[in-house]
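The values are calculated or read from the model by the stated rules, or taken from the named source; none is laboratory data. None of these values were measured; they are calculated from a predicted model. Neighbour counts are summed over all protein chains in view; Cβ atoms, including those assigned to glycine, are modelled from backbone coordinates with ideal geometry.
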Ligand SMILES: Cc1cc2nc3c(=O)[nH]c(=O)nc-3n(C[C@H](O)[C@H](O)[C@H](O)COP(=O)(O)OP(=O)(O)OC[C@H]3O[C@@H](n4cnc5c(N)ncnc54)[C@H](O)[C@@H]3O)c2cc1C
């Protein structure tokens with residue numbers, strides 16, 4: 001097998017991906033080539049000459065060497081729209097004729113060129129993403145789609161990212177938050193087909209997890225779940241933090257929500273010590289939507305409520321009649337439909353003396369009128 005790795009920069013003697021991956025692929029017996037520009041790492045830094053100038057080795061276009069068992073090809077570069085593009089990468093790849101091209105990025109000139117020459121040369125394209133959420137401001141400071149940052153991201157990342165994604169076999173993200181950034185900002189920008197689901201159960205040894213998707217039939221997530229089959233491809237990005245975390249200092253735990261809340265509430269209930277007091281109530285579209293007792297961790301602690309009228313109404317009128325454990329040592333977790341969350345939150349804080357911080361609420365979805 002012949003593999004060509006494309007990297008924006010290369011510096012001898014370092015422990016970067018572009019030094020280590022070819023070295024160890026070569027040791028595995030893979031014919032490995034790395035094609036990089038003559039630019040050194042961090043060339044874009046303003047204080048590059050003082051910081052790295054005397055430290056990094058200079059590469060020259062046209063160089064072909066064999067360090068550590070692989071072949072290094074240095075090509076020239078030119079700046080287009082402010083970003084460096086390899087010169088002659090198409091000819092270089094044609095001469096190498098790789099079975100696989102691994103681009104270190106999933107957007108930008110390198111990824112676009114790799115996607116462009118794939119058809120003519122006939123390799124499989126793998127890409128990568130090394131952008132952590134902490135260095136990608138849009139991932140942590142959401143902005144509306146019409147904001148200048150979003151529009152700029154859409155033009156410079158999402159559109160080219162989508163094009164590259166069309167011909168990409170795999171994208172290797174180096175951490176879960178890098179996968180999140182790649183999926184949301186280069187493949188879909190939080191697009192129409194991305195949905196959130198809670199992990200109900202997981203088995204690390206088998207590498208499997210279970211989700212419970214409500215089949216309401218109205219949106220892409222629900223429709224996908226209704227017709228998905230073994231072997232269908234799915235892109236998964238793990239949430240960086242639990243949307244609602246367990247409060248381990250509380251003595252009693254109350255779980256309120258609807259059908260969409262059961263999986264996450266069950267996962268939290270299973271994580272509680274046996275002595276922790278639990279009460280859960282889920283408002284469901286009809287009593288047929290109750291979960292069977294064997295699937296519920298503490299079935300004797302779970303109440304089911306038939307939805308009547310606006311989401312949350314039945315749940316709150318039941319809740320108003322219940323005596324609850326002391327508000328000082330209890331934490332409530334409220335998820336599900338947005339209006340339900342608002343009503344339950346207001347009831348607990350306003351009528352039952354809970355501190356706002358003791359009610360962990362997160363709307364999972366919002367009722368919207370059906371389009372005609
Ligand atoms: C952190 C988090 C965890 C979640 N966990 C789960 C989970 O474990 N299981 C789960 O099923 N959902 C879960 N959800 C909710 C799920 O992501 C939303 O319901 C999702 O938007 C459904 O996508 P959709 O494409 O089916 O519908 P959408 O495109 O969002 O909506 C289309 C239409 O369907 C209606 N609709 C949406 N959701 C529902 C619903 N549940 N019941 C009835 N009508 C609905 C809307 O009013 C809208 O009119 C979670 C959400 C979050 C934020």
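Which is in the same structural domain as residue 258 (by TED's automatic domain parsing), touching a residue at least 40 places away in the same chain (Cβ under 8 Å) and closer than 28 Å to residue 210 by Cβ, of 283, 295, 275, 300?
Result: 283 is the single residue among 283, 295, 275, 300 that is in the same structural domain as residue 258 (by TED's automatic domain parsing), touching a residue at least 40 places away in the same chain (Cβ under 8 Å) and closer than 28 Å to residue 210 by Cβ.
Given the structure, is residue 277 surrounded by fewer than 16 Cβ atoms within 10 Å (Cβ to Cβ), in contact with a strand residue (DSSP E or B) (Cβ under 7 Å, 6 or more places away or on another chain) and under 23 Å from residue 355 (Cβ atoms)?
So residue 277 fits the description; yes.
Sort out which residues of region 322-339 are crowded, with 21+ Cβ neighbours inside 10 Å and within 11 Å of the ligand (Cβ to nearest atom), and write them in order of number.
Hits for region 322-339 are 335, 336, 337.
Check residue 199 against each of (1) within 24 Å of residue 346 (Cβ to Cβ); (2) in a loop (DSSP other than H, G, I, E, B) and name the one condition it does not meet.
The failed condition is (1).
So residue 229 ticks every box in (1) within 16 Å of the ligand (Cβ to nearest atom); (2) farther than 25 Å from residue 343 by Cα; (3) part of a loop (DSSP other than H, G, I, E, B); (4) out of contact with any strand residue (DSSP E or B) (no Cβ under 9 Å at 6 or more places or on another chain) but one. Which box is left unticked?
Of the numbered conditions (1) within 16 Å of the ligand (Cβ to nearest atom); (2) farther than 25 Å from residue 343 by Cα; (3) part of a loop (DSSP other than H, G, I, E, B); (4) out of contact with any strand residue (DSSP E or B) (no Cβ under 9 Å at 6 or more places or on another chain), the odd one out for residue 229 is (1).
Which one is surrounded by the fewest Cβ atoms within 10 Å (Cβ to Cβ) among residues in region 178-204 that are modelled with pLDDT of 80 or more and touching a helix residue (DSSP H, G or I) at 6+ places or on another chain (Cβ under 6 Å)?
195
Here's a check for you: in region 232-259, which residue that is in a loop (DSSP other than H, G, I, E, B) and in contact with a strand residue (DSSP E or B) (Cβ under 6 Å, 6 or more places away or on another chain) is farthest from the ligand (Cβ to nearest atom)? It would help to see each step written out before you state the result.
Step one: list which residues in region 232-259 are in a loop (DSSP other than H, G, I, E, B), which gives 232-251.
Adding the requirement that they be in contact with a strand residue (DSSP E or B) (Cβ under 6 Å, 6 or more places away or on another chain) leaves 243-244, 247, 250.
Numbers: 243: 4, 244: 8, 247: 17, 250: 21 Å.
Here the answer is 250.
Give 93, 25, 72, 39 a once-over and let me know the one that is under 17 Å from residue 128 (Cβ atoms), assigned by TED's automatic domain parsing to the domain that holds residue 132 and either buried (at least 17 other Cβ atoms within 10 Å of the Cβ) or more than 33 Å from the chain's Cα centre (by Cα) (or both).
The match here is 25.
If you go through region 346-372, how many residues are closer than 17 Å to residue 279 by Cβ and either away from the ligand (no atom under 16 Å from the Cβ) or without any contact (Cβ under 8 Å) to a residue 12 or more places away in the chain (or both)?
8
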